[in-house]
C-alpha cells in the first residue's frame, strides 16, 4: 500500500512541475503573424499578403533558409526555396519578412496559409482569411493568379 501512495504522490508532483518547465528552444522561436491587405473586397480582388517573424533569436535554426509554401485556400499552393549559405549558429540570420500578391478571381472566404518548411516538415506557420465578395465579373469559376515576391 505504501508503494502505491508513493507513486501517486510522485506522479502528482511531476505534473505540478511540468507546466512551469519551458524549453529553451521555445524562448528562441520567433512568432509568425500574417496579414492581408485588403482583407475584403469585390472580385477580382488583388491582395498583398505579408508575413512577419517577430521576437525570438535572429539565428533560429529551424527558420533559417526554409522552403516557403503559400496555400491559397482553393486546393492550390505555391512553393519556393532559396539558395543559402550553410547555417552557422550565432552568425546566420533568418529572414523576418515575406510578401506575395494574389488575385482572387471569384467570391469566397479562403483561408490563406503560410508555411516555413525544412525538408518535408512544417516548422512554422500562420494564416489569415480573405473575404472576396461577388464582383461584376464573378463567373463562379476557380480563383486566383499569383506572384511571389521578396523571397
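Residue 35 to residue 61: extension gain in nm, 0.36 nm per residue of separation minus the Cα-Cα distance?
Here the segment from residue 35 to residue 61 would lengthen by 6.9 nm.
Suppose the chain between residue 92 and residue 50 were pulled fully straight at 0.36 nm per residue; how much longer would it get relative to their current alpha carbon spacing?
Full-extension gain reported as 12.9 nm.
Using only the alpha-carbon atoms, what does the range 26-149 span along each of its principal axes? Please give whole angstrom values in decreasing order.
If we take the Cα atoms of the range 26-149, the spans are 53, 23, 20 Å.
Read-outs throughout are calculated quantities, based only on the coordinates presented, and are distinct from any laboratory measurement. Keep in mind that this is a model prediction, so the values were computed, not measured.
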